[in-house]
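Written below as structure tokens is the structure these notes are about.
The values are calculated or read from the model by the stated rules, or taken from the named source; none is laboratory data. Since this is a predicted model, take the numbers as computed values, not measurements. Cβ: placed from backbone, ideal geometry, glycine included. Neighbour counts: every protein chain shown.
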Amino acid sequence: MIDRAEAANCSAPVLALDLQIIGQRHKDLRNGLSAPPKLTVTNMLNTMTKPRWGLGMLGTPRRQFGNGVGHVKGVENMGSLFEWSSQQFDPTLTWADIE
């Protein structure tokens, strides 16, 4: 990978770091965000307070992440996108691997 970067005249390597597991977003846990979305009483009440948005969503042909669903092998819906995303993290990764 470094050889390819040098051949492309990149001046410096950059290592982007993230968690090796999907983050626990407390706000998402509190508001019930899930993939695929779940129909709950709270979500229904929330949608009823925003009728224009709710009707607009009903008229939307696709409710998914278009950059993954249909473009990644084996990802055909929100559920399989979540499963695929979870598999992209390696919990055994250490700083020794980076060295």
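General remarks:
- Within the range 68-99, being farther than 23 Å from GLN24 by Cβ and part of a loop (DSSP other than H, G, I, E, B) holds for VAL69, GLY70, HIS71, VAL72, LYS73, GLY74, GLU76, ASN77, GLU99.
- Residues of the range 8-59 classified as assigned to a loop (DSSP other than H, G, I, E, B), modelled with pLDDT of 80 or more and polar (S, T, N, Q), total: 4
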